[in-house]
1. Return the FRET efficiency for the residue pair B:R215, B:S251: r is the Cβ-Cβ distance, R0 is 22 Å, and the value is rounded to the nearest 0.05.
2. What aspartates and glutamates sit close enough to A:K196 to cross-link, taking a C-alpha to C-alpha distance under 14 Å and skipping anything fewer than 8 places away on the same chain?
3. Please work out, to two decimal places, the log10 of the ratio I(q)/I(0) at q = 0.30 Å⁻¹ from a Debye calculation in which every Cα of the range A:123-164 carries one identical scatterer.
4. At 7 Å along the Cα-to-beta-carbon direction for both B:D60 and A:V32, put a label point, then send me their distance in nm to one decimal.
5. Just for the Cα atoms in chain B, what are the lengths along the principal axes, largest first, rounded to whole Å?
6. Got a sec? Charge dipole of chain B, +1 on Cβ for Lys and Arg, -1 for Asp and Glu; which of B:Q236, B:L154, B:P78 is way out at the positive end?
7. With only Lys, Arg, Asp and Glu charged, each at its Cβ (+1 for the first two, -1 for the last two), find how big the charge dipole of the range B:5-247 is about the Cα centre; round to the nearest 20 debye.
8. Between B:E117 and B:E137, how high is the FRET efficiency from 1/(1 + (r/R0)^6) when r is the Cβ-Cβ distance and R₀ = 25 Å? Nearest 0.05.
Amino acid sequence: MIAIIDYGMGNLRSIAKAIEYVGGHVLVTDKVNDIKKADKIILPGIGAFRDGIAELKKNGLDLELKESIIEKGKPFLGICLGMQMLAKRSYEFGEFDGLGFIDAEVVHFNYDVLNGLKVPHVGWNDVIFNGSHILFRGIPDSCDFYFVHSYHLVPSNKMLVAATCNYGVDFVAAIHKDNIFATQFHPEKSQKYGLKFLENFINWQC
Amino acid sequence: MIKNRIIPLLLLKDGRMVKTIKFDKQGFRDVGNPSTAARVYDAQRADELIFLDISASQEDRKIFFDLVRQVAEECFMPLGVGGGIRSINDIREVLKIGADKVIINTAAVENPKFIMEAVQKFGSSTIVISIDAKKNENEQYEVMTHGGTKKTGLDVIELSKEVEKIGAGEIMITSIEREGTMRGLDLVLVEKIVESVKVPVIACGGVDSLEDFKRGFLRTAVSAISAGSIFHFTDQSPIMTRNYLFNQGISVRP
């Protein structure tokens with residue numbers, strides 16, 4: 001069973017429906033015990049960083065995520081804010097601590113290098129794979145995925161970068177560290193190749 | 001490279017999908033079942049879908065959650081949902097049943113504090129502000145609310161800048177005079193908004209041809225064009241539109 005973490009603000013049905021479509025068994029939950037029983041975990045992402053972290057902490061979900069992901073090594077997928085919350089720190093509406101599973105910061109797009117591009121970065125943009133990864137199997141390099149975000153993740157270890165995207169500047173589209181995979185784009189909203197990516201996650205043995 | 005987006009627009013009235021002309025609710029045409037349409041647009045690989053319950057604010061009621069749910073079940077593309085959204089709980093509810101973004105119109109004018117709260121809670125990129133514009137007797141574009149029935153005295157540029165300042169992630173601008181007429185987008189209006197804000201702008205109202213999409217993307221820095229009639233009443237589909245634009249050298253998804 002794949003637990004989709006409900007912290008009161010994600011596009012929960014979107015992600016659950018996509019996983020079901022590609023054959024996964026999901027449970028949308030805010031219960032620590034459900035996460036304990038799950039084989040895999042998805043932290044979806046729509047929302048603001050500070051409130052996201054606060055909601056996770058309120059229900060003790062942050063501690064259970066640490067237990068399940070870091071200690072037990074369960075396969076984990078973070079999406080958008082679900083990726084950003086893995087970082088140590090974010091600068092969205094202030095400065096806030098994240099879960100700290102990845103040594104990274106979350107920063108706003110820098111208008112100085114955008115050449116008039118609009119923020120948020122909304123829409124379909126090509127994702128460039130950094131080497132091959134099992135979750136990208138069957139997906140052509142440089143195909144379009146759907147993004148919607150104003151902030152992006154900057155990891156201190158560039159080796160963790162699994163894919164990049166360009167929006168005035170090259171930024172991290174996906175990271176991979178052991179059993180943790182996370183994307184800035186929304187696979188659940190990226191039609192054919194997004195669904196293929198989620199199917200690969202269901203089959204992922206790490 | 002970021003792609004220009006083509007967004008089919010579904011309008012809902014009394015639980016049926018309709019197409020209005022200049023926001024006239026009397027003269028609307030019934031164009032079928034919304035979830036069937038959503039399924040078709042998903043199969044045609046639309047870039048995104050926008051679903052608006054146009055009479056919710058006027059009738060002072062909430063959006064039809066069941067219909068949103070049915071439409072959302074058909075979408076593996078981003079879904080923006082609007083109509084009668086006035087509280088944090090309304091937003092949470094539509095996101096929970098399958099929307100990815102919410103579109104707020106009347107409440108953005110009546111209650112800017114609500115928009116600020118929504119942005120703090122759900123992030124800028126979830127909140128799309130829709131502005132309906134109509135030229136007034138002084139030839140200025142004035143903001144209208146409640147499905148185009150109420151004058152506000154506000155200038156569209158001022159409101160656009162204001163909602164950007166309080167954190168709206170996108171602005172959707174609709175020309176009431178062009179809506180449903182298939183007389184072409186009001187590019188003067190679109191350009192004014194695009195030039196005034198740093199957030200992406202979705203242009204809506206009046207798209208009459210594939211050339212109109214092309215003109216919109218070439219002449220303005222608009223990020224997306226949304227259209228209803230051209231997809232409902234002609235044989236053009238989102239996929240054909242993108243093919244045409246792609247061959248014209250415009251950046252769209254292949």
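A short reminder: the numbers here are calculations on the coordinates, not readings from a lab. Just so we're clear, the structure is a prediction, and the values are computed from it rather than from any experiment. We place every Cβ from the backbone using ideal geometry, glycine too, and count neighbours over all the protein chains shown.
1. 0.90
2. Leaving aside aspartates and glutamates fewer than 8 places away in the same chain, those within reach of A:K196 are A:E20, A:D141, A:D144, A:E188.
3. For the range A:123-164, the Cα-only Debye profile gives -1.14.
4. 4.6
5. Principal-axis extents of chain B (Cα, largest first): 45, 41, 39 Å.
6. Going by the charge dipole, the pick is B:P78.
7. Magnitude of the dipole: close to 200 debye.
8. 0.10
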